[in-house]
Amino acid sequence: MDLMSKIQEFLKNQEKSVMSSVEGKTIIDYFNNNAEEFPEYPALNTPINSEYTGWDSVSWSAYRETVHNLAAGLIDIGLQVEDNAFIVANNVKEHFICDLGIMHAGAVPSTIYKQLKSGQIEYISNLLEAKVAFVGDAELFEEVNKARENCPDMKYIIMIEDFEQYKDLDYVLSYEDLINKGKELNSNDKSELENRINSVKSDSLACLIFTSGTTGNPKGVMLTHENVLFTIQSLIEQSVSLGTNPRIVSYLPMAHIAARLTDHYQSIFRKGQLFPVPVLEDMATALPTIKPTLFFAVPRVWERFQSGLINKINESDKKDLALKAIDNGLERVEYEQRGETPPLGVRIKDAIFNKLVFERSFKVGLGLDNSEVFITAAAPMNPDVQKWFHAIHIDVAEVYGMTEDTGPATFCVPSFANSYFNSLLKSNNLPIPDVMNPIGKVGMPIMGTEIKVLDDGELCIRGKHVAKGYYKAEEETKATFDEDGWLHTGDLAEIDENGFAKIIGRKKEIIITSGGKNIAPVELENLIKTHDLIGQICMVGDGKKFLSALIVLDGDGGAEKWANENNIEYDIESMSKNEKVLAEIQAHVDKSNSKVANVQQIKKFTLLSNEWTDSSGELTPSLKLKRHVVTERYKGEIESMYEEA
């Protein structure tokens, strides 16, 4: 048996060990344990002002009391066991209380992306037959209220804020009033609440998470308490062995599995503190006062961090020192990624630069100086960006998975966990791979998980974290989850000799040219996106003689930085027509093309005059590219590139 097979067999066989810790348990069990054993420990935090200069905390006992009172209020208005309710709100403490309140009432919570329009909300609400909707504020109320007109099952909309504006509507209730009513009920008799709590079992649904809809209508992924607890036990406890009481920042939408698992459920499992940041743009201000012990970010956020740091370096009087430190760090990473020990001189300089530059300026500046682990997932991370962060001792580790397997299925081992994981392999007489956090790969299976690659290159996953299927969607469930328990991911992958998986692309995103060549666009797209000017790119060419691309400029600082350096007025629309900008992008495209095979190269591109965002519709709320939207919306621009050929 080769190295890959030995390690994968060992990891797969850990299923019983993982299950022995969580079998028969629910999220409510862990929540209760926290409130009983650590009643005064802080659990939920709220910023005291918009500058995030401090935080007000809610203890575990107070957290539970509020959840119990809300649950009693929900029972009183008619929410039944296994009913569905959804939340549309920012990341605020009330969001987490609502989620657990629904769960404690024996019902099933969902969060809906706040960017959705009334028609989309209507579709989800009717699929769920949702009885109750929690809404964050007046701004979010309008779309939910429009949807309600065609949602016969929706009895109540509960306003977290701004209730006074709608108090004359008989179907609109106040979040605070409902809690107060529940408090009154619980003070007299908690027996019905206790019955509801006891109705929740390990195989009950913990939540329904709706896929963000890169194609077609969203599907509701059914995740059980066992799915959630197995996943956290496997990855956090037994794969990397993190401790308790973490400080966790919550800024990704709770409609995404990453936020639910990494923020909400992990904080309960590990007795952690949760720090919700409602506005993504506030992260730079909030992080230094939060000082998270674990930091998760999608690749786009890491790219923004890199761009911000580079801008600060260029404006600093210590620019030369910082650039030397980074160059030396990049040299160190080159050796480490080959499994080699860097030369003594590189190591000595790196140790000095780490103390003088990386820790004092970069990590402290980002607010990540207390972070033990840095994670990325949800989309492929550009290898050059990941290498850059490794160079400054922020050794971002890639995790791979999807909503359908409760988030993580494979992981790269961060340096914090190296000694633990290495000793684990060694104690089981297994060889240790030379590189445990390889850049450009998504790692090996988490404990108790199997992975395999089919003949057509599709990656499949099996384990106790794999979902029950899609809600009220039998055909879609059969197409994705097979009879032997394998989840068919739709991703194309390779597994190397050490058992580390590498994602090549999506089966459905494969571009088939008129010459019959199957092209995965992600590799070249990632190469092209490294330029400061470029924010997003979408390669096209299905059924065409050659590949082309639509490109948009970076509105998050990169294009502005380049414009300032090149004496050009910063304006996205005018820059998209500027000859100097077009020539720069062409040169970068040529350079990127030289790194891939001829059939993978793009022959033409069109630089668009707008940005792509989740609000404009080209990106999902988790910042993934909606290729079908782009190709349909810019059909004319695409065809023009081929008409001129």
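Yes or no, residue by residue, for (1) modelled with pLDDT of 95 or more; (2) of a type in the set (D, E, K, R); (3) more than 30 Å from Glu475 (Cβ to Cβ):
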{"site": "Tyr171", "(1), (2), (3)": "yes, no, yes"}
{"site": "Glu194", "(1), (2), (3)": "yes, yes, yes"}
{"site": "Ser204", "(1), (2), (3)": "yes, no, no"}
{"site": "Thr211", "(1), (2), (3)": "no, no, no"}
{"site": "Leu223", "(1), (2), (3)": "yes, no, no"}
{"site": "Ser241", "(1), (2), (3)": "no, no, yes"}
{"site": "Pro253", "(1), (2), (3)": "no, no, no"}
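Matching residues to (1) under 29 Å from the mean Cα position of the chain (by Cα); (2) over 23 Å from Ile75 (Cβ atoms); (3) open to solvent by less than 20 Å² (accessible area, probe 1.4 Å):
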{"position": "Glu139", "(1), (2), (3)": "yes, yes, no"}
{"position": "Glu143", "(1), (2), (3)": "yes, yes, no"}
{"position": "Glu149", "(1), (2), (3)": "no, yes, no"}
{"position": "Tyr156", "(1), (2), (3)": "no, no, no"}
{"position": "Met159", "(1), (2), (3)": "yes, no, yes"}
{"position": "Asp168", "(1), (2), (3)": "no, yes, no"}
{"position": "Tyr175", "(1), (2), (3)": "yes, no, yes"}
{"position": "Leu178", "(1), (2), (3)": "no, no, yes"}
{"position": "Lys181", "(1), (2), (3)": "no, no, no"}
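Is it the case, given these coordinates, that Ser622 is among the polar types (S, T, N, Q), modelled with pLDDT of 90 or more and in contact with a Ser or Thr (Cβ under 9 Å, 6 or more places away or on another chain)?
Numbers: among the polar types (S, T, N, Q): yes; modelled with pLDDT of 90 or more: no; in contact with a Ser or Thr (Cβ under 9 Å, 6 or more places away or on another chain): yes.
When the stated conditions are applied, Ser622 does not pass them.
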Count of the stretch 441-460 residues which are in a loop (DSSP other than H, G, I, E, B) and either open to solvent by 20 Å² or more (accessible area, probe 1.4 Å) or of a type in the set (A, V, I, L, M, F, W, C) (or both): 7
Of residues in the stretch 16-64 being within 20 Å of Val228 (Cα to Cα) and of a type in the set (Asp, Glu), the one most open to solvent (accessible area, probe 1.4 Å): Glu23
Index of the failed condition, Gln120 passing every other in (1) open to solvent by 10 Å² or more (accessible area, probe 1.4 Å); (2) within 26 Å of Val279 (Cβ to Cβ); (3) not in a helix (DSSP H, G or I): (3)
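Could you list, in sequence order, the residues of the stretch 461-477 that are outside any strand (DSSP E or B) and among the hydroxyl-bearing types (Ser, Thr, Tyr)? Walk me through how you get there before you give the answer.
Of the residues in the stretch 461-477, the ones outside any strand (DSSP E or B) are 463-468, 471-477.
Those that are outside any strand (DSSP E or B) and among the hydroxyl-bearing types (Ser, Thr, Tyr): Tyr471, Thr477.
Check every one of the helices (runs of 4 or more DSSP H) wholly within the stretch 261-320 and list those with 2 or more residues that are within 15 Å of Ile248 (Cα to Cα) and open to solvent by 10 Å² or more (accessible area, probe 1.4 Å).
Values: elements: 266-269, 283-290, 299-315.
Hits in the stretch 261-320: 283-290.
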Number of the exception - Leu252 against (1) closer than 18 Å to Val58 by Cα; (2) in a loop (DSSP other than H, G, I, E, B): (1)
Tally, over the stretch 349-400, of residues that are in contact with a His (Cβ under 8 Å, 6 or more places away or on another chain) and more than 16 Å from Gln306 (Cβ to Cβ): 3
Output for the stretch 461-491, where each listed residue is within 21 Å of the chain's Cα centre (by Cα) and small (Gly, Ala, Ser): Gly463, Ala467, Gly469, Gly490
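Across the stretch 467-483, which residue is farthest from Ile503 (Cα to Cα) among those that are touching a Gly at 6+ places or on another chain (Cβ under 9 Å) and open to solvent by less than 20 Å² (accessible area, probe 1.4 Å)?
Restricting attention to the stretch 467-483, the residues satisfying the condition of being touching a Gly at 6+ places or on another chain (Cβ under 9 Å) are 470-473, 476-478, 480-481.
Still in the running and open to solvent by less than 20 Å² (accessible area, probe 1.4 Å): 470, 473.
On the way: Tyr470: 24, Ala473: 27 Å.
In this case the residue turns out to be Ala473.
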In the stretch 554-564, residue nearest to His531 (Cα to Cα) [restricted to those that are free of Cβ contacts under 8 Å to residues at least 24 places away in the same chain and open to solvent by 60 Å² or more (accessible area, probe 1.4 Å)]: Glu560
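The values are calculated or read from the model by the stated rules, or taken from the named source; none is laboratory data. For clarity, every value in this text was computed on a predicted model and none was experimentally measured. Here Cβ is always computed from backbone atoms with ideal geometry, including for glycine, and neighbour counts include all displayed protein chains. Please note that ligands, DNA and RNA were not included when accessible areas were found on the heavy atoms of the full protein model with its side chains. Shrake-Rupley method; radii C 1.70, N 1.55, O 1.52, S 1.80 Å.
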